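Below is one structure; the comments refer to it alone.
The values are calculated or read from the model by the stated rules, or taken from the named source; none is laboratory data. Bear in mind that the values here come from a model prediction, so they are computed numbers and not experimental data. Every residue, glycine among them, receives a Cβ derived from its backbone with ideal geometry; neighbour counts consider all protein chains shown. Accessible surface is based on the protein model in full, side chains and every heavy atom, while ligands, DNA and RNA are left aside. Shrake-Rupley method; radii C 1.70, N 1.55, O 1.52, S 1.80 Å.
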Amino acid sequence: MILPPATLGMLGGGQLGRFFVAAAHEMGYKVWVLDPDAHSPAGLIADRHLVAAYDDFAALDEFAAGCAAVTTEFENVPAGTLDYLAKFLPVHPSAAAVAVCQNRIAEKTFLADNGLPRGPVAIVRSADDLHDADASLFPAVLKVARFGYDGKGQARVADRDEALHAFHQMGGEACVLEKMLRLDCEVSVVLARDEAGAVRVFPPVENRHRHGILDVSIAPARVDAGLAARAASLAERIAERLGYVGTLAVEFFVCDGELYVNEMAPRPHNSGHHTLDACLTSQYEQQVRALCGLPLGEPRQHSLAVMVNLLGELWYPNGAAAGPAHEPDWSVLHAVPGLKLHLYGKHHARPGRKMGHFTVLGRDVAEVLESALAARASIGIRDEP
Ligand code: ADP
Ligand code: MG
(Lines give C-alpha, C1' and ligand atoms only; values in the text may rest on other atoms or scores of the structure.)
(Ligands and ions follow the chains in the order given, each with its own letter.)
Protein backbone atom coordinates (compact mmCIF):
# COMPACT_ATOMS: atom_id res chain seq x y z
CA MET A 1 0.00 0.00 0.00
CA ILE A 2 1.24 3.45 -0.89
CA LEU A 3 0.36 5.81 1.94
CA PRO A 4 0.64 9.58 2.48
CA PRO A 5 2.74 11.64 2.25
CA ALA A 6 3.89 9.70 -0.85
CA THR A 7 4.04 11.52 -4.17
CA LEU A 8 1.81 10.24 -7.00
CA GLY A 9 2.46 10.88 -10.69
CA MET A 10 -0.21 12.01 -13.15
CA LEU A 11 0.43 11.89 -16.89
CA GLY A 12 -1.76 14.56 -18.43
CA GLY A 13 -2.85 17.90 -17.05
CA GLY A 14 -6.50 18.34 -18.09
CA GLN A 15 -9.53 18.70 -15.84
CA LEU A 16 -9.68 14.97 -15.10
CA GLY A 17 -6.10 15.19 -13.83
CA ARG A 18 -6.96 18.31 -11.86
CA PHE A 19 -9.75 16.50 -9.97
CA PHE A 20 -7.32 13.63 -9.32
CA VAL A 21 -4.82 16.09 -7.84
CA ALA A 22 -7.53 17.58 -5.63
CA ALA A 23 -8.68 14.12 -4.43
CA ALA A 24 -5.10 13.00 -3.74
CA HIS A 25 -4.34 16.21 -1.85
CA GLU A 26 -7.47 15.76 0.22
CA MET A 27 -6.17 12.31 1.18
CA GLY A 28 -2.72 13.59 2.13
CA TYR A 29 -0.70 12.71 -0.98
CA LYS A 30 1.50 14.94 -3.08
CA VAL A 31 1.12 14.92 -6.87
CA TRP A 32 3.46 15.63 -9.73
CA VAL A 33 1.89 16.29 -13.12
CA LEU A 34 3.66 15.78 -16.44
CA ASP A 35 2.08 17.70 -19.31
CA PRO A 36 3.63 19.75 -22.12
CA ASP A 37 1.20 22.66 -21.58
CA ALA A 38 2.58 25.18 -19.07
CA HIS A 39 -1.01 26.29 -18.27
CA SER A 40 -2.53 22.83 -17.86
CA PRO A 41 -5.37 22.85 -15.27
CA ALA A 42 -3.85 20.00 -13.22
CA GLY A 43 -0.32 21.39 -13.46
CA LEU A 44 -1.53 24.67 -11.94
CA ILE A 45 -2.51 22.99 -8.65
CA ALA A 46 0.06 20.18 -8.53
CA ASP A 47 3.00 20.10 -6.12
CA ARG A 48 5.21 20.02 -9.17
CA HIS A 49 4.48 20.39 -12.87
CA LEU A 50 7.01 18.92 -15.27
CA VAL A 51 6.38 20.82 -18.48
CA ALA A 52 7.59 18.17 -20.91
CA ALA A 53 6.52 16.04 -23.84
CA TYR A 54 5.33 12.50 -23.10
CA ASP A 55 8.35 11.09 -24.93
CA ASP A 56 10.93 13.29 -23.20
CA PHE A 57 12.85 10.46 -21.53
CA ALA A 58 15.00 12.73 -19.35
CA ALA A 59 11.79 14.21 -17.89
CA LEU A 60 10.29 10.70 -17.52
CA ASP A 61 13.40 9.62 -15.54
CA GLU A 62 12.97 12.57 -13.19
CA PHE A 63 9.24 11.85 -12.90
CA ALA A 64 9.89 8.16 -12.09
CA ALA A 65 12.53 9.10 -9.50
CA GLY A 66 10.16 11.50 -7.72
CA CYS A 67 6.93 9.46 -7.70
CA ALA A 68 5.78 6.30 -5.93
CA ALA A 69 3.28 5.29 -8.67
CA VAL A 70 1.93 6.74 -11.89
CA THR A 71 -1.49 6.99 -13.50
CA THR A 72 -3.00 8.89 -16.40
CA GLU A 73 -6.03 10.99 -17.28
CA PHE A 74 -5.49 10.97 -21.04
CA GLU A 75 -5.83 7.94 -23.33
CA ASN A 76 -3.40 9.30 -25.88
CA VAL A 77 -0.33 9.03 -23.70
CA PRO A 78 1.95 6.86 -25.87
CA ALA A 79 1.88 3.24 -24.70
CA GLY A 80 5.70 3.37 -24.94
CA THR A 81 5.75 6.04 -22.22
CA LEU A 82 3.71 3.86 -19.86
CA ASP A 83 5.89 0.82 -20.65
CA TYR A 84 9.05 2.82 -19.99
CA LEU A 85 7.81 4.14 -16.63
CA ALA A 86 6.62 0.65 -15.62
CA LYS A 87 10.27 -0.48 -15.51
CA PHE A 88 10.79 1.79 -12.51
CA LEU A 89 7.50 2.02 -10.60
CA PRO A 90 3.88 0.83 -10.57
CA VAL A 91 1.86 2.23 -13.52
CA HIS A 92 -1.94 1.83 -13.55
CA PRO A 93 -3.69 1.35 -15.91
CA SER A 94 -1.16 -0.69 -17.85
CA ALA A 95 0.21 0.23 -21.25
CA ALA A 96 -1.58 -2.83 -22.69
CA ALA A 97 -4.99 -1.73 -21.39
CA VAL A 98 -4.49 1.85 -22.56
CA ALA A 99 -3.34 0.62 -26.00
CA VAL A 100 -6.69 -1.15 -26.52
CA CYS A 101 -8.69 1.94 -25.54
CA GLN A 102 -6.66 4.45 -27.55
CA ASN A 103 -7.15 2.81 -30.93
CA ARG A 104 -10.65 2.23 -32.27
CA ILE A 105 -9.50 -0.76 -34.36
CA ALA A 106 -7.91 -2.45 -31.33
CA GLU A 107 -11.01 -1.60 -29.31
CA LYS A 108 -13.46 -3.10 -31.82
CA THR A 109 -11.27 -6.19 -32.15
CA PHE A 110 -11.09 -6.58 -28.37
CA LEU A 111 -14.90 -6.41 -28.14
CA ALA A 112 -15.39 -9.03 -30.86
CA ASP A 113 -12.71 -11.35 -29.41
CA ASN A 114 -14.38 -11.23 -26.01
CA GLY A 115 -17.94 -11.73 -27.18
CA LEU A 116 -18.97 -8.22 -26.12
CA PRO A 117 -21.82 -6.53 -28.04
CA ARG A 118 -20.78 -3.85 -30.52
CA GLY A 119 -22.57 -2.18 -33.41
CA PRO A 120 -21.98 -3.17 -37.05
CA VAL A 121 -18.56 -1.91 -38.16
CA ALA A 122 -15.86 -2.29 -40.82
CA ILE A 123 -12.14 -1.71 -40.31
CA VAL A 124 -10.83 0.71 -42.92
CA ARG A 125 -7.11 0.82 -43.66
CA SER A 126 -7.39 1.63 -47.36
CA ALA A 127 -9.89 2.83 -49.96
CA ASP A 128 -10.26 -0.82 -50.99
CA ASP A 129 -11.66 -1.62 -47.56
CA LEU A 130 -14.33 1.03 -48.16
CA HIS A 131 -15.16 -0.44 -51.57
CA ASP A 132 -15.56 -3.83 -49.87
CA ALA A 133 -17.59 -2.54 -46.89
CA ASP A 134 -21.05 -4.03 -46.56
CA ALA A 135 -23.73 -1.78 -48.09
CA SER A 136 -25.92 -2.30 -45.00
CA LEU A 137 -23.46 -0.12 -42.98
CA PHE A 138 -24.71 3.06 -44.68
CA PRO A 139 -25.60 5.69 -43.55
CA ALA A 140 -22.52 5.50 -41.36
CA VAL A 141 -19.98 7.36 -39.25
CA LEU A 142 -16.35 7.25 -40.34
CA LYS A 143 -14.03 7.69 -37.34
CA VAL A 144 -10.24 7.95 -37.29
CA ALA A 145 -8.76 5.07 -35.30
CA ARG A 146 -6.55 7.31 -33.18
CA PHE A 147 -6.65 10.69 -31.46
CA GLY A 148 -10.34 11.48 -31.99
CA TYR A 149 -12.30 13.01 -29.08
CA ASP A 150 -15.45 15.07 -28.51
CA GLY A 151 -16.71 14.12 -31.97
CA LYS A 152 -13.48 15.27 -33.66
CA GLY A 153 -11.99 13.05 -36.36
CA GLN A 154 -15.47 11.85 -37.33
CA ALA A 155 -17.61 12.31 -40.42
CA ARG A 156 -21.22 11.31 -40.96
CA VAL A 157 -21.49 9.76 -44.41
CA ALA A 158 -24.65 8.88 -46.31
CA ASP A 159 -23.09 6.42 -48.75
CA ARG A 160 -19.89 4.85 -50.06
CA ASP A 161 -18.92 7.89 -52.17
CA GLU A 162 -19.19 10.23 -49.23
CA ALA A 163 -17.18 7.77 -47.14
CA LEU A 164 -14.41 7.68 -49.75
CA HIS A 165 -14.37 11.45 -49.88
CA ALA A 166 -14.20 11.72 -46.06
CA PHE A 167 -11.48 9.06 -45.90
CA HIS A 168 -9.30 11.08 -48.29
CA GLN A 169 -10.10 14.30 -46.42
CA MET A 170 -8.86 12.65 -43.21
CA GLY A 171 -5.57 11.93 -44.93
CA GLY A 172 -6.15 8.23 -45.60
CA GLU A 173 -5.50 7.39 -41.95
CA ALA A 174 -6.75 4.09 -40.49
CA CYS A 175 -10.43 4.40 -39.58
CA VAL A 176 -13.48 2.47 -38.52
CA LEU A 177 -16.76 2.74 -40.43
CA GLU A 178 -19.70 2.35 -38.06
CA LYS A 179 -23.29 1.94 -39.06
CA MET A 180 -25.23 5.00 -37.89
CA LEU A 181 -27.50 3.62 -35.19
CA ARG A 182 -30.87 4.98 -34.17
CA LEU A 183 -30.30 5.47 -30.46
CA ASP A 184 -32.97 5.14 -27.79
CA CYS A 185 -30.41 6.79 -25.53
CA GLU A 186 -26.76 6.62 -24.48
CA VAL A 187 -25.54 5.39 -21.11
CA SER A 188 -22.13 5.08 -19.53
CA VAL A 189 -20.74 3.07 -16.67
CA VAL A 190 -17.80 4.20 -14.57
CA LEU A 191 -16.13 1.67 -12.31
CA ALA A 192 -12.97 1.13 -10.35
CA ARG A 193 -10.99 -2.11 -10.19
CA ASP A 194 -8.08 -2.90 -7.91
CA GLU A 195 -5.07 -5.18 -8.35
CA ALA A 196 -6.78 -8.07 -6.57
CA GLY A 197 -9.70 -7.85 -9.04
CA ALA A 198 -12.24 -6.24 -6.69
CA VAL A 199 -14.64 -3.99 -8.61
CA ARG A 200 -16.90 -1.12 -7.50
CA VAL A 201 -19.39 0.14 -10.09
CA PHE A 202 -21.11 3.52 -10.04
CA PRO A 203 -24.77 3.47 -11.14
CA PRO A 204 -25.12 3.87 -14.96
CA VAL A 205 -25.53 7.42 -16.23
CA GLU A 206 -27.67 8.70 -19.12
CA ASN A 207 -25.85 11.02 -21.51
CA ARG A 208 -27.08 13.59 -24.01
CA HIS A 209 -24.63 14.93 -26.56
CA ARG A 210 -24.70 18.11 -28.61
CA HIS A 211 -22.48 18.43 -31.69
CA GLY A 212 -20.68 15.21 -30.65
CA ILE A 213 -19.77 16.61 -27.20
CA LEU A 214 -21.33 15.53 -23.92
CA ASP A 215 -23.85 18.17 -22.88
CA VAL A 216 -26.02 16.82 -20.07
CA SER A 217 -25.70 13.70 -17.88
CA ILE A 218 -28.55 12.34 -15.77
CA ALA A 219 -27.52 10.10 -12.90
CA PRO A 220 -28.68 7.50 -12.39
CA ALA A 221 -29.86 6.76 -15.94
CA ARG A 222 -33.64 6.55 -16.40
CA VAL A 223 -33.53 2.99 -17.73
CA ASP A 224 -35.06 -0.18 -16.37
CA ALA A 225 -33.18 -2.05 -13.68
CA GLY A 226 -32.44 -4.99 -15.98
CA LEU A 227 -30.70 -2.83 -18.57
CA ALA A 228 -28.74 -0.97 -15.87
CA ALA A 229 -27.58 -4.27 -14.40
CA ARG A 230 -26.56 -5.60 -17.82
CA ALA A 231 -24.54 -2.43 -18.55
CA ALA A 232 -22.77 -2.70 -15.20
CA SER A 233 -21.93 -6.35 -15.74
CA LEU A 234 -20.64 -5.74 -19.30
CA ALA A 235 -18.41 -2.94 -18.00
CA GLU A 236 -17.15 -5.22 -15.27
CA ARG A 237 -16.35 -7.93 -17.81
CA ILE A 238 -14.42 -5.42 -19.92
CA ALA A 239 -12.35 -4.32 -16.91
CA GLU A 240 -11.60 -7.93 -16.04
CA ARG A 241 -10.58 -8.89 -19.60
CA LEU A 242 -8.33 -5.82 -19.82
CA GLY A 243 -6.73 -6.71 -16.48
CA TYR A 244 -7.62 -3.14 -15.66
CA VAL A 245 -6.47 -1.36 -12.48
CA GLY A 246 -7.87 2.13 -11.86
CA THR A 247 -10.98 4.04 -12.92
CA LEU A 248 -12.50 2.93 -16.23
CA ALA A 249 -15.46 4.27 -18.21
CA VAL A 250 -17.52 2.39 -20.78
CA GLU A 251 -19.88 4.24 -23.14
CA PHE A 252 -22.90 2.34 -24.46
CA PHE A 253 -25.47 2.91 -27.15
CA VAL A 254 -29.00 1.70 -26.37
CA CYS A 255 -30.85 0.61 -29.53
CA ASP A 256 -34.23 -1.13 -29.47
CA GLY A 257 -33.61 -1.94 -25.84
CA GLU A 258 -30.26 -3.63 -26.60
CA LEU A 259 -26.85 -2.47 -25.34
CA TYR A 260 -23.89 -1.97 -27.67
CA VAL A 261 -20.47 -0.91 -26.40
CA ASN A 262 -19.51 2.37 -28.10
CA GLU A 263 -16.07 3.00 -26.61
CA MET A 264 -13.98 2.70 -23.46
CA ALA A 265 -11.96 5.39 -21.70
CA PRO A 266 -9.00 4.23 -19.56
CA ARG A 267 -9.47 7.03 -17.05
CA PRO A 268 -12.19 8.92 -15.18
CA HIS A 269 -14.90 10.23 -17.49
CA ASN A 270 -16.86 13.41 -18.06
CA SER A 271 -20.06 11.47 -17.31
CA GLY A 272 -18.65 10.64 -13.86
CA HIS A 273 -18.17 14.25 -12.73
CA HIS A 274 -21.33 14.05 -10.62
CA THR A 275 -19.63 11.45 -8.40
CA LEU A 276 -17.73 14.38 -6.85
CA ASP A 277 -20.94 15.69 -5.31
CA ALA A 278 -23.47 12.87 -5.48
CA CYS A 279 -21.59 9.74 -4.37
CA LEU A 280 -19.87 8.59 -1.18
CA THR A 281 -16.62 8.20 -3.14
CA SER A 282 -15.78 10.09 -6.33
CA GLN A 283 -14.35 8.48 -9.46
CA TYR A 284 -11.14 10.43 -8.75
CA GLU A 285 -10.80 9.18 -5.19
CA GLN A 286 -11.30 5.65 -6.59
CA GLN A 287 -8.43 6.30 -9.00
CA VAL A 288 -6.19 7.28 -6.07
CA ARG A 289 -7.31 4.26 -4.07
CA ALA A 290 -6.76 1.78 -6.92
CA LEU A 291 -3.35 3.28 -7.73
CA CYS A 292 -2.19 3.16 -4.12
CA GLY A 293 -3.57 -0.29 -3.32
CA LEU A 294 -6.07 1.06 -0.77
CA PRO A 295 -9.43 -0.68 -0.42
CA LEU A 296 -11.84 0.79 -3.00
CA GLY A 297 -14.42 3.23 -1.63
CA GLU A 298 -18.18 2.87 -1.42
CA PRO A 299 -19.62 4.12 -4.76
CA ARG A 300 -23.20 4.53 -3.51
CA GLN A 301 -25.02 7.54 -4.92
CA HIS A 302 -26.75 9.51 -2.17
CA SER A 303 -28.44 12.17 -4.36
CA LEU A 304 -29.94 12.30 -7.82
CA ALA A 305 -27.73 14.41 -10.03
CA VAL A 306 -27.85 16.21 -13.36
CA MET A 307 -24.53 17.46 -14.74
CA VAL A 308 -24.22 20.16 -17.39
CA ASN A 309 -20.98 20.85 -19.27
CA LEU A 310 -19.83 24.45 -19.71
CA LEU A 311 -18.07 24.88 -23.05
CA GLY A 312 -15.92 27.74 -24.28
CA GLU A 313 -18.60 29.30 -26.49
CA LEU A 314 -20.29 30.51 -23.32
CA TRP A 315 -17.46 33.09 -23.06
CA TYR A 316 -18.51 34.54 -26.45
CA PRO A 317 -22.21 35.46 -26.19
CA ASN A 318 -22.06 37.17 -29.60
CA GLY A 319 -19.97 34.51 -31.34
CA ALA A 320 -16.26 33.77 -31.11
CA ALA A 321 -15.50 36.00 -34.08
CA ALA A 322 -17.20 38.99 -32.43
CA GLY A 323 -14.48 40.06 -30.02
CA PRO A 324 -12.80 39.15 -26.75
CA ALA A 325 -13.90 36.54 -24.23
CA HIS A 326 -16.25 37.63 -21.41
CA GLU A 327 -16.40 35.74 -18.12
CA PRO A 328 -19.97 34.45 -17.64
CA ASP A 329 -21.87 35.76 -14.60
CA TRP A 330 -21.34 32.85 -12.23
CA SER A 331 -23.51 34.45 -9.50
CA VAL A 332 -26.53 33.29 -11.55
CA LEU A 333 -25.52 29.66 -11.00
CA HIS A 334 -24.49 30.07 -7.37
CA ALA A 335 -28.03 31.23 -6.61
CA VAL A 336 -29.57 27.91 -7.72
CA PRO A 337 -30.39 25.63 -4.75
CA GLY A 338 -28.44 22.35 -4.82
CA LEU A 339 -26.13 23.48 -7.62
CA LYS A 340 -22.38 22.81 -7.42
CA LEU A 341 -20.19 24.73 -9.85
CA HIS A 342 -16.75 23.45 -10.90
CA LEU A 343 -14.44 25.56 -13.08
CA TYR A 344 -11.20 24.17 -14.41
CA GLY A 345 -9.00 27.29 -14.45
CA LYS A 346 -8.28 26.97 -18.17
CA HIS A 347 -6.24 29.79 -19.54
CA HIS A 348 -8.16 30.42 -22.71
CA ALA A 349 -11.80 29.81 -23.65
CA ARG A 350 -12.25 28.28 -27.08
CA PRO A 351 -15.59 27.18 -28.58
CA GLY A 352 -16.07 23.47 -27.87
CA ARG A 353 -13.44 23.46 -25.09
CA LYS A 354 -14.59 22.02 -21.76
CA MET A 355 -14.15 24.92 -19.30
CA GLY A 356 -16.21 23.70 -16.36
CA HIS A 357 -19.41 21.95 -15.37
CA PHE A 358 -22.13 22.15 -12.78
CA THR A 359 -24.11 19.47 -11.03
CA VAL A 360 -27.58 19.94 -9.57
CA LEU A 361 -28.44 17.57 -6.73
CA GLY A 362 -31.83 16.58 -5.39
CA ARG A 363 -34.33 13.81 -4.75
CA ASP A 364 -36.72 13.93 -7.69
CA VAL A 365 -35.30 13.40 -11.17
CA ALA A 366 -37.91 15.50 -12.99
CA GLU A 367 -37.35 18.43 -10.62
CA VAL A 368 -33.56 18.17 -10.73
CA LEU A 369 -33.55 17.96 -14.53
CA GLU A 370 -35.86 20.94 -14.82
CA SER A 371 -33.74 22.98 -12.44
CA ALA A 372 -30.49 22.03 -14.25
CA LEU A 373 -31.94 22.89 -17.67
CA ALA A 374 -33.26 26.20 -16.34
CA ALA A 375 -29.79 26.96 -14.91
CA ARG A 376 -28.24 25.95 -18.23
CA ALA A 377 -30.47 28.46 -20.04
CA SER A 378 -30.00 31.19 -17.43
CA ILE A 379 -26.20 31.19 -17.81
CA GLY A 380 -26.71 31.66 -21.54
CA ILE A 381 -26.56 28.24 -23.22
CA ARG A 382 -29.02 28.80 -26.01
CA ASP A 383 -29.10 25.56 -28.03
CA GLU A 384 -31.62 22.95 -27.07
CA PRO A 385 -29.92 20.10 -25.16
P1 ADP B 1 -15.76 10.55 -28.97
O2 ADP B 1 -14.42 9.91 -28.81
O3 ADP B 1 -15.70 11.85 -29.67
O4 ADP B 1 -16.56 10.55 -27.70
P5 ADP B 1 -17.80 8.69 -29.94
O6 ADP B 1 -17.52 7.53 -30.82
O7 ADP B 1 -18.21 8.40 -28.55
O8 ADP B 1 -16.50 9.61 -30.02
O9 ADP B 1 -18.89 9.60 -30.66
C10 ADP B 1 -19.41 10.78 -30.06
C11 ADP B 1 -20.93 10.77 -30.10
O12 ADP B 1 -21.40 10.73 -31.47
C13 ADP B 1 -21.56 9.55 -29.46
O14 ADP B 1 -21.65 9.66 -28.06
C15 ADP B 1 -22.92 9.52 -30.17
O16 ADP B 1 -23.77 10.51 -29.64
C17 ADP B 1 -22.57 9.91 -31.58
N18 ADP B 1 -22.25 8.68 -32.37
C19 ADP B 1 -21.03 8.18 -32.57
N20 ADP B 1 -21.08 7.03 -33.29
C21 ADP B 1 -22.37 6.80 -33.57
C22 ADP B 1 -23.08 5.75 -34.27
N23 ADP B 1 -22.44 4.73 -34.83
N24 ADP B 1 -24.43 5.85 -34.34
C25 ADP B 1 -25.09 6.89 -33.76
N26 ADP B 1 -24.48 7.90 -33.08
C27 ADP B 1 -23.14 7.87 -32.97
MG1 MG C 1 -17.43 9.00 -26.77
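Any residue at all in the stretch 182-200 that's within 12 Å of ligand 1 (Cβ to nearest atom) and touching a Ser or Thr at 6+ places or on another chain (Cβ under 7 Å)?
For the stretch 182-200, residues within 12 Å of ligand 1 (Cβ to nearest atom) and touching a Ser or Thr at 6+ places or on another chain (Cβ under 7 Å): present.
Looking at (1) in a loop (DSSP other than H, G, I, E, B); (2) in contact (Cβ under 8 Å) with a residue 40 or more places away in the chain; (3) among the polar types (S, T, N, Q), which one does N309 not meet, given that it meets all the others?
For N309, the exception is condition (1).
Do we find a residue being within 25 Å of V100 (Cα to Cα) and small (G, A, S) anywhere in the stretch 16-36?
Checking the stretch 16-36: at least one residue is within 25 Å of V100 (Cα to Cα) and small (G, A, S).
What strands (runs of 3 or more DSSP E), lying completely within the stretch 31-139, carry at least 2 residues that are buried (at least 16 other Cβ atoms within 10 Å of the Cβ) and touching a residue at least 60 places away in the same chain (Cβ under 8 Å)?
Once the strands (runs of 3 or more DSSP E) in the stretch 31-139 are filtered for at least 2 residues that are buried (at least 16 other Cβ atoms within 10 Å of the Cβ) and touching a residue at least 60 places away in the same chain (Cβ under 8 Å), what remains is 69-72.
Is at least one residue of the stretch 359-367 within 17 Å of the chain's Cα centre (by Cα) and either surrounded by 19 or more Cβ atoms within 10 Å (Cβ to Cβ) or of a type in the set (K, R) (or both)?
Scanning the stretch 359-367 turns up at least one residue that is within 17 Å of the chain's Cα centre (by Cα) and either surrounded by 19 or more Cβ atoms within 10 Å (Cβ to Cβ) or of a type in the set (K, R) (or both).
Could you identify the single residue in A158, A174 that is free of Cβ contacts under 8 Å to residues at least 40 places away in the same chain, of a type outside the set (K, R), farther than 24 Å from H269 by Cβ and away from ligand 2 (no atom under 13 Å from the Cβ)?
Every option except A158 fails the conditions.
Tell me the residue from L164, L242, L259 that is at pLDDT 95 or above and either farther than 27 Å from I123 by Cβ or within 16 Å of ligand 2 (Cβ to nearest atom) (or both), please.
Testing whether each residue is at pLDDT 95 or above and either farther than 27 Å from I123 by Cβ or within 16 Å of ligand 2 (Cβ to nearest atom) (or both) leaves just L259.
Looking at A325, is it modelled with pLDDT under 95, of a type outside the set (K, R) and part of a helix (DSSP H, G or I)? If you could, list the steps in order and put the result at the bottom.
Working: modelled with pLDDT under 95: yes; of a type outside the set (K, R): yes; part of a helix (DSSP H, G or I): no.
No, not satisfied.
Looking only at residues that are hydrophobic (A, V, I, L, M, F, W, C) and open to solvent by less than 10 Å² (accessible area, probe 1.4 Å) in the stretch 228-244, which one is farthest from ligand 1 (Cβ to nearest atom)?
Filtering the stretch 228-244 for residues that are hydrophobic (A, V, I, L, M, F, W, C) and open to solvent by less than 10 Å² (accessible area, probe 1.4 Å), the one farthest from ligand 1 (Cβ to nearest atom) comes out as A239.
If I filter the stretch 177-195 for residues that are within 14 Å of ligand 2 (Cβ to nearest atom), free of Cβ contacts under 8 Å to residues at least 60 places away in the same chain and open to solvent by 20 Å² or more (accessible area, probe 1.4 Å), do I get at least one hit?
Scanning the stretch 177-195, I find no residue that is within 14 Å of ligand 2 (Cβ to nearest atom), free of Cβ contacts under 8 Å to residues at least 60 places away in the same chain and open to solvent by 20 Å² or more (accessible area, probe 1.4 Å), so the answer is no.
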